[in-house]
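Here's the structure we're looking at; comments come further down.
FYI, it's all coordinate maths here, none of it is from the lab. Only a predicted model underlies this, so the values are computations on that prediction, with no experimental measurement involved. All Cβ positions, even for glycine, are placed from backbone atoms using ideal geometry, and neighbour counts span all protein chains on display.
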Amino acid sequence: MDGLPGHLLNEVLFKTDLRALAMLCCTNTSLQSHIHEPSFVSGYRSQIRSSLLYISSYGSTYLCCHHPHGGSRSLTIIDACHILGYCSGLLLLFINDRLCVANPLTKKFRFLTSFDPCPRRFVCQDSRNQLGLAVNQIDRTTQNFKVVFIFELAKTDVTRYGFDIHAKDSWTCSKTTITCHTSNLDDRMKNSVYMNGSLHWLRNDGSIIAFNPETEQARLIQTDFPRGLTSRTLFAPGVHSLTLVSANEEVIYFYALKNILSDSKWVLEKQIQNGVIDKNVVTWYVEAYNGKCLVLRTCYDGVIHVYDLSASKWAVMGSVPIWYDANLNFFLFTPSPYSVVGLDDILACGDRRISSLRSIITLVDRSSPENQLKENVG
């Protein structure tokens, strides 16, 4: 392949799965240089489609993963698990009273040290969105991660926030605090959103708390909600900006936050017809968005509808079992082959947490089309 023109080489490599690509990097130095070029990385990432993970909002021993190319897998594990966040190919999990960060593709993980006498507060419905997972690109092949927990130090006529940070092997309380007028974190935010080096927490008044885990700088982004937001509104990452997705039975609106450093405003970037919901469907939810696809779920039949923004069309990805919990958390998961500082190899041992974690990793990893092919051939 060394003699191929650049555009033909890209065409071949874009069709190569992540594991094979990693092996090429190890065996061919000229290809390694090409694969690590920013233009190739950007192009390759744009080709990768996301799997969809879902689990009960209250934690469960039952998890399910749908792959965009078809097929789904589910499993039952030993201990109830919570999925609390996702960022750049890493999952933030809570298993047997311990937080865990894992990369299902590389099969590496870390159970975080506990700093709280009551660790289950992380999974309470009122506080789970206070956690944030941040993944920072160190160089072309390596990342690191930090977990942040935002909390209220005081709440009177103003609210003062503090930040606990897990980095390397321990938790520390940041010296940074931020004081702003009183408002609660908004329930339209299922999870904090990591973008451009900062974690973002949406508040009820429309303002956003931004915190950079590397510099430990915090600031308040003062902005107002767009007019006419519906009750079905989701705060999520877009391709290049923070996004609000607001839907009714007829139209779905996508708002991007512009001028984030000064005079921030929500700007309507796109609107599409709601092609799956009619007025006879009473209960439905906007479940997930990542800038490339949007996920809606209808409750009466559990069908999961996905809109592909690049193709401008709807498709059915799968369905939720009718017996399963109606309150669910959905995560659009895109695998990452990067080496992540602080994640270890999974060891073969009898620890209940390891057993459950191994099952989760296998579920996500085997949802890839290449692994389904291996199983069918085998």
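Relative protection proxy for 296-302, 138-144, 97-103, from highest mean packing down: 97-103, 296-302, 138-144 (other beta-carbon atoms within 10 angstrom). Go through Lys168/Lys258; Lys108/Lys292; Lys155/Lys265; Lys190/Lys313; Lys155/Lys190 and tell me which ones have a Cα-Cα distance over 31 Å in this structure. Beyond 31 Å between Cα atoms: Lys168/Lys258. Peptide packing for 169-176, 269-276 was compared via the average number of neighbouring C-beta atoms within 10 Å per residue; ordered from the highest value, the list is 269-276, 169-176.
Considering all alpha-carbon pairs of the range 215-364, what whole percent are spaced by more than 24 angstrom? I get 48 percent for the Cα pairs in the range 215-364 exceeding 24 Å.
Subtracting the Cα-Cα distance of Ala154 and Thr27 from 0.36 nm times their residue separation leaves 40.1 nm of extension gain. Computed over the range 191-252, the range of Cα coordinates on each principal axis works out to 43, 23, 17 Å, biggest value leading.
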